1. Probe radius 1.4 Å, ligands and nucleic acids ignored: give me the carbon and sulfur share of the accessible area of the chain as a rounded percent.
2. Kindly rank 23-30, 96-103 from highest to lowest mean number of other beta carbons found within 10 Å of each residue.
3. Kindly give Rg over Rh for the chain, based on alpha-carbon atoms, with the Kirkwood expression for the hydrodynamic radius.
4. Please compute the per residue accessible area over the chain with all protein chains in place, 1.4 Å probe, rounded to a whole number of Å².
5. Can you tell which of E60, E12, E87 shows the greatest fluctuation in a Gaussian network model of the chain with Cα springs below 10 Å?
Amino acid sequence: VQLQACGGGLVEPGGSLRLSCAASGSIFSITQMNWYRQAPGKQRELVASIITDGTTNYAESVKGRFTISRNPNWNAIYLQMNSLKPEDTAVYYCNAATQRYDFWGQGTEVTVSS
């Protein structure tokens, strides 16, 4: 599985961004896809996940502000980020999980600053 993330950028506090992650290759084997982020000097953390039946989960810090969604055939996932805060500044990574492997895309940088 190959993953390509995009959509990051510079946004003011309170603004919105929509990240996209295009998946290709053996996408039929995907069971879950996730968005992670890593802020400078911090560990990578799970932000949002979505599984085959559409169930979603979010980190407490983004609940009510971020929404993860996907195309039905797993060829893309999205992260709609609203009411952005400076503490959301990080490199965001998409991740795809199969029964045996994890796959990672390159990161896309999000900076929230006035």
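1. Of all accessible area on the chain, carbon and sulfur atoms account for 48 percent.
2. 23-30, 96-103
3. Ratio of gyration radius to Kirkwood radius: 0.96.
4. Per-residue accessible area for the chain comes out at 53 Å².
5. Checking each option, the largest mean-square fluctuation is seen for E60.
The values are calculated or read from the model by the stated rules, or taken from the named source; none is laboratory data. All figures in this text were calculated on a predicted structure; none of them were measured in a lab. Here Cβ is always computed from backbone atoms with ideal geometry, including for glycine, and neighbour counts include all displayed protein chains. Remember, those area values only see protein heavy atoms, side chains included, never the ligands or the DNA or RNA. Shrake-Rupley method; radii C 1.70, N 1.55, O 1.52, S 1.80 Å.
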